[in-house]
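Report on the following structure.
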Amino acid sequence: MNATPTPQATATAAIDGRAIQAQFASLTSDRDKFQTETATLQTKLVQQQSQIQIQRQRQLHLSTTIQSRTTILGESEQSLRLLIDEEKRLRRQYSAEGSEIVSLVNVISH
């Protein structure tokens, strides 16, 4: 028995072979597209991570600046209150001294 393929079997095998080659080419093309898309997405991810890091650094800087200015403002407010209290004390002192002077002038005048 000789196992010679029939012309129909040979034609079917050739069609199957071309179909397999076409499928392989299609899968190869899909793989290449997927790899390109993956590389693009990875690049975008790195860029976004970099932008997030920059934003975090800016937020930290702003937070530090705000905290520093709040401290300065608090110190300025405290200094202003001390100055106002000193002004009030001096006004009372000068008022009392003025009253004493008026009293002395009245005593001397009479």
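Determine whether residue 39 is assigned to a helix (DSSP H, G or I), open to solvent by less than 90 Å² (accessible area, probe 1.4 Å), at pLDDT 95 or above and on the phi < 0 side of the Ramachandran plot. Break it down into steps so the answer makes sense when it comes.
Working: assigned to a helix (DSSP H, G or I): yes; open to solvent by less than 90 Å² (accessible area, probe 1.4 Å): yes; at pLDDT 95 or above: yes; on the phi < 0 side of the Ramachandran plot: yes.
Criteria met by residue 39.
Report, by residue number, each residue of the stretch 81-105 that is among the aliphatic types (A, V, I, L, M) and open to solvent by 100 Å² or more (accessible area, probe 1.4 Å). Break it down stepwise before answering.
As a first pass, look at the stretch 81-105 and keep what is among the aliphatic types (A, V, I, L, M): 82-84, 90, 96, 101-102, 104-105.
Within the stretch 81-105, 82, 83, 101, 104 meet the criteria.
The values are calculated or read from the model by the stated rules, or taken from the named source; none is laboratory data. Being a predicted model, the structure only gives us computed values, none of them experimental. With ligands, DNA and RNA removed, areas are computed over all heavy atoms of the protein, side chains included. Shrake-Rupley method; radii C 1.70, N 1.55, O 1.52, S 1.80 Å.
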